[in-house]
Amino acid sequence: MKNVPFLDLSRQHAPIKKALRAAARRVVDGEYYIGGPEVRDFETEMAQWMGVKEVCGVSCATMGLFATLKGLGVGPGDEVITTVHTAIPTSESITLTGARVVFADIKEGFFNIDPDDIERKITAKTKAIVPVHLYGQAADMDTILKIAAKHNLPVVEDCAQAQGARYRKKYVGTMGQAAVFSFFPSKALGGFGDGGAVTARDPDLMKRIRMLSNHGREEKYYHEIEGFNSRLDAIQAALLRVCLPHLDEWNAARRRVAGWYKERLGEVEQLALPAVADGCEPIWHVYVVLAPDREALQQHLKEWGISTGLHYPMSLNLQPAYAHLKQGRGSFPNAEYACDHMLSLPMFPDLTQDEVEYICEVIRGFYAA
Ligand SMILES: Cc1ncc(COP(=O)(O)O)c(C=O)c1O
């Protein structure tokens, strides 16, 4: 029996450990611990990497989304539409502005937001749309952008799980009015603590986001507006600068792992492998299959030493935190079906072909029995 972890960051970090230590030392020996040259250089390097004008480091994607929505003028009395099938930070950031979260279901056969349901949910109060590129695959941006343009609404891309994913050859984060990234350690570009970044097309919006996340100021002790504290630490920026040049190769490795799964599980009739939508090049943040008897399969894999995950066991409408919305079971049938059947298999750049073969053999054994 092998032990296969769900995620093993130590393998990913081993070849760059020396550079990481040197970067951390640079910050410890320097004089800037929040902001400063490391943050500025990281922002420049990330902007160059994705081909945008400007990036602003923030303390995490949750606060980056909050700053972006606030910067767009979203507040009490407004509504913001997002997917019901996401990590709670997406919807938390909406509620933080004082606006009401309006959930849309996911598209049947996929895990991303259904543009038709977005359109159905638009009202006179709608102020923005927040599509999430879930599991590392882009949402249906052509259709979403068309709907947004028709209703004159800004689109804020939640790229927390998809840095480096492409949609019709374009990087996610380059299509909406603004986009937010997460450097939570397990993300494609993971830091060594919390961190995030925002990019926006409009320089004025970018300026507002930068100010909001730094106590509403550009200059020390002069506060143009009231903001909050959501800055990127210098130590995170320095470490992320070591990781960023490896992001493309790490994402390519994730794609290779997804290819092995597809090759070896394609013929298991009982499993639905993740579908790739037209024009998408996912980075496979997680590799999620749908299984009719998910609990039994998960238990079987555990018994054979294989760790798995659930992203997510409950769609947001069923979480106690959203009980006040009174959208019980049956309100979002596609998301609820996905949550009841999904299983996330091990996925990280350094997962070996042998490990994937072992996982697939154990899965095939489960169904053969
Ligand atoms: C889709 C999505 N949005 C937002 C976030 C929030 O990211 P952070 O942990 O950096 O605040 C996450 C992280 O789990 C996420 O998966």
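Can we say Ile113 is under 15 Å from Phe332 (Cβ atoms) and either within 13 Å of the ligand (Cβ to nearest atom) or not assigned by TED's automatic domain parsing to the domain that holds Leu153 (or both)? Yes, satisfied.
Considering the conditions (1) part of a helix (DSSP H, G or I); (2) surrounded by fewer than 24 Cβ atoms within 10 Å (Cβ to Cβ), Ile118 is excluded by exactly one of them, (2). Close contacts from segment 145-165, counting a first residue that is at negative phi and a second that is assigned to a loop (DSSP other than H, G, I, E, B) and among the charged types (D, E, K, R), with Cβ to Cβ under 8 Å and a gap of 6+ residues or different chains, come to Ala160/Lys187; Gln161/Lys187; Gln163/Lys187. List the pairs whose first member sits in segment 87-99 and is at positive phi, whose second member is away from the ligand (no atom under 11 Å from the Cβ) and of a type outside the set (Ser, Thr, Tyr), and whose Cβ atoms are under 9 Å apart, counting only residues at least 6 apart or on separate chains? Here the result reads Gly98/Val74; Gly98/Gly75; Gly98/Pro76; Gly98/Gly77; Gly98/Asp78, each pair linking segment 87-99 to a residue that is away from the ligand (no atom under 11 Å from the Cβ) and of a type outside the set (Ser, Thr, Tyr). Residues of segment 141-162 that are of a type outside the set (A, V, I, L, M), more than 21 Å from Gly71 (Cβ to Cβ) and within 16 Å of the ligand (Cβ to nearest atom): Gln161 alone. Listed by position, the strands (runs of 3 or more DSSP E) inside segment 1-108 whose residues that are surrounded by fewer than 24 Cβ atoms within 10 Å (Cβ to Cβ), aromatic (Phe, Trp, Tyr) and not assigned by TED's automatic domain parsing to the domain that holds Thr352 number at least 2 form an empty set. Of all residue pairs spaced 6 or more apart or on separate chains, those with beta-carbon atoms under 8 Å, a first member in segment 213-224 that is assigned by TED's automatic domain parsing to the domain that holds Gly57 and a second member that is polar (S, T, N, Q) are Ser213/Ser59; Ser213/Asn229; Ser213/Ser230; Asn214/Asn229; Asn214/Ser230; His215/Asn229.
Hey, could you check segment 227-253 for residues that are charged (D, E, K, R) and within 21 Å of Thr68 (Cα to Cα) and say which is surrounded by the fewest Cβ atoms within 10 Å (Cβ to Cβ)? Top of the filtered list is Arg231. Within segment 172-206, work out how many residues are away from the ligand (no atom under 16 Å from the Cβ) and out of contact with any strand residue (DSSP E or B) (no Cβ under 9 Å at 6 or more places or on another chain). The qualifying residues number 2.
Yes/no per residue for (1) among the aromatic types (Phe, Trp, Tyr); (2) under 24 Å from Lys207 (Cα atoms); (3) at pLDDT 95 or above:
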residue: Ala24; (1), (2), (3): no, no, yes
residue: Val28; (1), (2), (3): no, no, yes
residue: Gly57; (1), (2), (3): no, yes, yes
residue: Thr83; (1), (2), (3): no, no, yes
residue: Phe110; (1), (2), (3): yes, no, yes
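Checking Ala128, Ala138, Ala99 one by one, the residue that is within 16 Å of the ligand (Cβ to nearest atom), under 22 Å from Pro76 (Cβ atoms) and not hydroxyl-bearing (Ser, Thr, Tyr) is Ala128 and no other.
To keep it simple, each residue is scored yes or no on (1) charged (D, E, K, R); (2) within 16 Å of the ligand (Cβ to nearest atom); (3) out of contact with any Cys (no Cβ under 6 Å at 6 or more places or on another chain).
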position	(1), (2), (3)
Met1	no, no, yes
Asp8	yes, no, yes
Lys17	yes, no, yes
Arg25	yes, no, yes
Pro37	no, no, yes
Cys56	no, yes, yes
Thr62	no, yes, yes
Gly71	no, no, yes
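Every residue, every condition in (1) under 19 Å from Thr90 (Cβ atoms); (2) assigned to a loop (DSSP other than H, G, I, E, B); (3) out of contact with any His (no Cβ under 7 Å at 6 or more places or on another chain), yes or no:
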position: Ile129; (1), (2), (3): yes, no, yes
position: Tyr135; (1), (2), (3): yes, no, no
position: Ala138; (1), (2), (3): yes, yes, yes
position: Ala149; (1), (2), (3): no, no, yes
position: Gly176; (1), (2), (3): yes, yes, yes
position: Val180; (1), (2), (3): yes, no, yes
position: Phe184; (1), (2), (3): yes, yes, yes
position: Ala188; (1), (2), (3): yes, yes, no
position: Gly193; (1), (2), (3): no, yes, yes
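Using the structure shown, decide if Val130 is surrounded by 23 or more Cβ atoms within 10 Å (Cβ to Cβ), aliphatic (A, V, I, L, M), within 30 Å of Phe192 (Cβ to Cβ) and within 18 Å of the chain's Cα centre (by Cα). In short, yes.
The values are calculated or read from the model by the stated rules, or taken from the named source; none is laboratory data. Values in this document were obtained by computation on a predicted structure and should not be read as measured data. Reconstructed Cβ throughout: ideal geometry from the backbone, glycine too, with neighbour counts over all protein chains shown.
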